[in-house]
Amino acid sequence: MDNYKLLKINQSIKSHRIKFLGLWLLSVLNKRYIAIHMDPVLACNLRCKMCYFTDDEFVRKTMKGMFKQEDLEPIANAAFKNALKLQIGCGAEPTLFKHNVQLIELAKQHGIPYISMVTNGNLLNDEDVAAFANAGLNEIIMSLHGVYKESYEDLMDKGNYEKFHAVLKAITEQKKHTPNLRLRINYTFNKDNFYELADFFKVYGDYAIDIIQLRPIDKIGETTYNDFSLKSIENDYPEVLKTMKQGAAERNIMLLSPESVIRNEEESLKVKTSNDSSFIKPFTYFYISPKYSWKDDYDWRTETLGQWQKRTGWNMQLLRNAFRSRKSLEDVNRNMLNYSVDIN
Ligand SMILES: C[S@@+](CC[C@H](N)C(=O)[O-])C[C@H]1O[C@@H](n2cnc3c(N)ncnc32)[C@H](O)[C@@H]1O
Ligand code: SF4
């Protein structure tokens, strides 16, 4: 089933008890219920000013490592059977990894229904796009931090605006041959690149975009750009959103965006979306990188996910959660997911 439909279904089920009973059943039957978010390499070619890649010390200490080609098969054997989705790229740049075609092929062979890649796109060429699509990639998410060249190259330091457009053109062409490939744009906005969105479709209207996500800036680390306040654009947000909604509707584009950017900045810099309430996320979000995978006591080299579930009494925990209060589940949520960038 389509990944976005699944997200919608998940959001429409309000009862965490029903969600956990469903998860428990899928897990007991050894079916698909996890979303794998994979960083095949912990490095990036850009230094976007809103991203922790501008924190030299963090990069030196944390952003190291790359999977070997021979790691891919054991990883696939360990976890792909249970995956509803594979997200290639999460907190770093996946196109620095040279074996993405093989990774996509493996995901396909193991029947993962939705395979997506999130990238700055700057290292891709027409051949890469064709190879990914032919291997079975369902979605390329191209990250964008400025509508115009000036803002793009300022906020996405080391990025090349013309290259970005060339890749959008290549994807648009490729989609004619492999219509299953979707193009999504992730536009991360702050108070300085927000108003440009009014011209988004003047600049990008001819590309075959399927989905646009508007992402309010979030504090994801110590970053060069560090004005996280959206107070000054709060009142103008609905008008710009309306323009985006109109442009998207005219082109049959799915727009993912918060309805408002009003947030209590004393309490949290995260804009609340309906996704925030997802209690099941810590139980379905499978992060894997050369440094970490899934849970502290899990190693894909020695155990499949199914074996780990048996060893740790995982199914019982899922069942118990169906009978726990929301409050106690919120505490679990707070302690998790601080390792990653949430793409959805
Ligand atoms: C950290 S990047 C890693 C993947 C890849 N390098 C890319 O940029 O697409 C994941 C997503 O986070 C977005 N992002 C970067 N800085 C952000 C911030 N401060 N707040 C919210 N999203 C951010 C990026 O634009 C991208 O869509
Ligand atoms: S947002 Fe993506 S492309 Fe930009 S620096 Fe961070 S990891 Fe690299």
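In table form, for the structure just shown:
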quantity	calculated
Qualifying residue in the stretch 78-90 (condition: of a type in the set (Phe, Trp, Tyr) and under 27 Å from Cys51 (Cβ atoms))	no
Answer residue from the stretch 47-81, given it is farther than 30 Å from Thr223 by Cβ, touching a Phe, Trp or Tyr at 6+ places or on another chain (Cβ under 7 Å) and not small (Gly, Ala, Ser) and is nearest to ligand 1 (Cβ to nearest atom) among those	Ile75
Within the stretch 107-127, considering residues that are over 15 Å from Ala35 (Cα atoms) and within 20 Å of the chain's Cα centre (by Cα), the one nearest to ligand 2 (Cβ to nearest atom)	Asn120
Neighbours by Cβ (under 6 Å, 6+ apart or cross-chain): first from the stretch 194-209, of a type in the set (Gly, Ala, Ser); second not in a loop (DSSP other than H, G, I, E, B)	Ala198/Val240; Ala198/Thr243; Ala208/Thr172; Ala208/Lys175; Ala208/Leu183
Helices (runs of 4 or more DSSP H) lying entirely in the stretch 1-66 (those with 1 or more residues that are within 12 Å of ligand 2 (Cβ to nearest atom), over 16 Å from the mean Cα position of the chain (by Cα) and surrounded by fewer than 20 Cβ atoms within 10 Å (Cβ to Cβ))	56-62
Filter result for Phe228 (surrounded by 14 or more Cβ atoms within 10 Å (Cβ to Cβ), in contact (Cβ under 8 Å) with a residue 40 or more places away in the chain and within 16 Å of ligand 2 (Cβ to nearest atom))	yes
Subset of the stretch 152-164 [over 21 Å from the mean Cα position of the chain (by Cα) and in a helix (DSSP H, G or I)]	Glu153, Asp154, Tyr161, Glu162, Lys163
Filtered residue count, the stretch 129-147, keeping only those that are assigned to a loop (DSSP other than H, G, I, E, B) and touching a helix residue (DSSP H, G or I) at 6+ places or on another chain (Cβ under 6 Å)	5
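Residue by residue, here is whether (1) in contact with a His (Cβ under 9 Å, 6 or more places away or on another chain); (2) outside any helix (DSSP H, G or I); (3) more than 30 Å from Gly136 (Cβ to Cβ); (4) within 11 Å of ligand 1 (Cβ to nearest atom) holds:
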| position | (1), (2), (3), (4) |
| --- | --- |
| Leu183 | no, yes, no, no |
| Thr188 | yes, yes, no, yes |
| Leu214 | no, yes, no, yes |
| Phe228 | no, yes, yes, yes |
| Asn235 | no, yes, yes, no |
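For every residue, the table says whether it meets (1) under 23 Å from His16 (Cα atoms); (2) touching a residue at least 12 places away in the same chain (Cβ under 8 Å); (3) in a loop (DSSP other than H, G, I, E, B).
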site: Phe279; (1), (2), (3): yes, yes, yes
site: Phe283; (1), (2), (3): yes, yes, no
site: Ile288; (1), (2), (3): no, yes, no
site: Tyr298; (1), (2), (3): no, no, yes
site: Arg301; (1), (2), (3): no, yes, yes
site: Gln307; (1), (2), (3): no, no, no
site: Arg311; (1), (2), (3): no, no, no
site: Asn315; (1), (2), (3): yes, yes, no
site: Arg320; (1), (2), (3): yes, no, no
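Values quoted throughout were computed directly from the atomic coordinates according to the rules given, and no laboratory measurement underlies them. Computed from a prediction, not measured in an experiment: that's the story for all the values here. Heads up, the Cβs are rebuilt from the backbone with ideal geometry, glycines too, and the neighbour counts pull from every protein chain shown.
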